Amino acid sequence: MLDLTTRGDFARHRRLRQSEGLRRLVAETRLSPADFVYPLFVTHGAGIREEIPSMPGQYRISLDMVPHEADDLAQLRIPAVLLFGLPASKDPEGTEAYHAAGIVQEAVRAFKVAAPDLVVITDVCLCEYTDHGHCGVIVDGDVDNDRSVDLLARAAVSHARAGADIVAPSDMMDGRVAVIREELDEAGFTQAPIMAYSAKYASAFYGPFREAADSTPQFGDRRGYQMDPPNAREALLEIEDDINEGADIVMVKPALAYLDVLARAREAFDTPLAAYNVSGEYAMVKAAEANGWIDGPRVMMEILTSIKRAGADIIITYHAKEAARLLAQQS
């Protein structure tokens, strides 16, 4: 048998892996609740806390539940929430998306009363509000880019008026960051940041979200305006354009299947970088955990660590609360 004790020509990397304390001491990537943004679905009505079947542990809530939600996030030291709205009614131009009394606008006001220090981010899109489920206005069977951008800018301004700390356009229309920045500035919201969904792919991982937000397209799909999954160089062009148009934070979505894009974006740009750990990624973990196929908490933390390791400054994730509780236990 080879006697390695007499040899000194190899490294003993295992020395620093022997205990949890040693592993934590030399960890190159560290997760914190401060990294997380918690996505939340808000709806009209009262007394509503309805679990989403395909997303166990996630809920649609009514506005009267906002104080409880705000307290929960504060206790877990999660600094931000990303709001999605379920409107009272839908129409071809998504009117409630930019109505002063729209569900997201009212939710912003409720959160700013309940938790003034919580960073409230609003998703700026039309898909939840249109009766056809697309992210813009339909003209001759297709999404009209420029008409849609006008309405998206109106929505962004209405969110800022309601008190949103950050507006986040997720539609993938060309030029929308520039127009939103211009409209925000003209309305007096020069300090309102834009977090652009800059590299948002036409992904099958969004399925559970579409159930949660009731936003499935009624015809066709979104591949004509969201990015094609094989393309990575194009993502860098999209991100660069959004930065040049005035985006303060840029995003890659989804996160897990696009870690290579996230890493390339981190190398190319110094702008704060977000990644969205989307509904399908969350649902797969929960389904496998429920069947006893995986250790759910360990897989969750491994996924979130990989997203941060790839370069994300901000992680938007439905796991935020569960991960924050686990991190608190480890500290």
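Per residue, how much accessible area does the chain show when a 1.4 Å probe rolls over the protein heavy atoms, in square angstrom?
On a per-residue basis, 46 Å².
Each label point is 7 Å from the Cα along the Cα-to-Cβ direction; what then is the distance between the points at R24 and F10, in nm?
So the label points at R24 and F10 sit 3.1 nm apart.
Only one of the values [x] 21.1, 79; [y] 23.1, 92; [z] 24.2, 88 was calculated from this structure for Rg and Dmax of the Cα atoms in Å; name its label.
Entry [x].
When only Cα pairs under 8 Å and 6 or more residues apart are kept, what is the percent relative contact order across the chain? Don't skip to the end; give the middle numbers.
Values: 630 pairs, mean separation 57.1, N = 331.
RCO, the chain: 17 percent.
With Kirkwood's inverse mean 1/r over C-alpha pairs for Rh, give me the Rg to Rh ratio of the stretch 30-118, two decimals please. Working shown, then result.
Details: Rg = 13.7 Å, Rh = 13.8 Å.
Rounded to two decimals, Rg/Rh equals 0.99.
If you roll a 1.4 angstrom probe over the protein chains with everything in place, what fraction of the accessible area of the stretch 1-126 belongs to carbon and sulfur, to the nearest %? Working shown, then result.
Working: 3620 of 6780 Å².
For the stretch 1-126, the apolar C and S fraction of the accessible surface comes to 53 percent.
Calculate, in nm to one decimal, what R309 and A290 gain on full extension: separation in residues at 0.36 nm each, minus their alpha carbon distance. Present the calculation step by step, with values, prior to reporting the outcome.
Working: separation 19, 0.36 × 19 = 6.84 nm, distance 2.72 nm.
Here the segment from R309 to A290 would lengthen by 4.1 nm.
Would you mind putting 114-126, 191-203, 77-89 in packing order, based on average other-beta-carbon counts within 10 Å, highest first?
Working: 114-126: 21.3, 191-203: 23.0, 77-89: 19.6.
Top of the packing list down: 191-203, 114-126, 77-89.
Give me the percent of the accessible area of the stretch 191-273 that comes from carbon and sulfur atoms, probe 1.4 Å, all protein chains in place. Write out the running numbers ahead of the final one.
Numbers: 1750 of 3740 Å².
Taking all protein chains in place, the stretch 191-273 shows 47 percent carbon and sulfur surface.
Which residue, A178, A168, A265, has the most motion in a Gaussian network model of the chain that connects Cα atoms within less than 10 Å?
A178
Taking the Cα atoms only, what angle lies between the long axis of helix 259-268 and the longest principal axis of the chain, rounded to 10 degrees?
For helix 259-268, the angle is close to 80 degrees.
Rounded if a/c is under 1.5, else prolate if a/b beats b/c, else oblate: with a ≥ b ≥ c from the C-alpha gyration tensor eigenvalues square-rooted, which is the stretch 200-331?
The shape class here is oblate.
Based on DSSP, what percent of beta bridges with both residues in the chain are antiparallel, to the nearest 5?
Beta bridges within the chain, antiparallel portion: roughly 15 percent.
Quote to one decimal, in nm, the extra length available between Q75 and E182 on full extension: 0.36 nm per residue of separation minus the C-alpha distance between them.
On the way: separation 107, 0.36 × 107 = 38.52 nm, distance 3.70 nm.
Here the segment from Q75 to E182 would lengthen by 34.8 nm.
Let me confirm the definition first: pairs of Lys residues in the chain, 8 or more apart or on different chains, C-alpha distance under 19 Å. How many are there? All intermediate terms of the calculation are to be shown ahead of the outcome.
Values: K200/K253; K200/K308; K253/K308; K286/K321; K308/K321.
Within the chain, the lysine pair count is 5.
Any chance you could give the angle, 0 to 90 degrees and rounded to 10, that helix 296-310 forms with the longest Cα principal axis of the chain?
80 degrees
Where the accessible area of the stretch 274-331 is counted over protein heavy atoms with a 1.4 Å probe, how much of it, in %, is carbon and sulfur?
Values: 1280 of 2410 Å².
Looking at the stretch 274-331 in its full context, I get 53 percent from C and S.
The values are calculated or read from the model by the stated rules, or taken from the named source; none is laboratory data. In this text, all values refer to a predicted model and were calculated from it rather than measured experimentally. Glycine gets a Cβ as well: all are built from the backbone with ideal geometry, and neighbour counts include every protein chain shown. Each accessible area value is taken on the protein alone, full model and side chains, heavy atoms only, with ligands, DNA and RNA left out. Shrake-Rupley method; radii C 1.70, N 1.55, O 1.52, S 1.80 Å.
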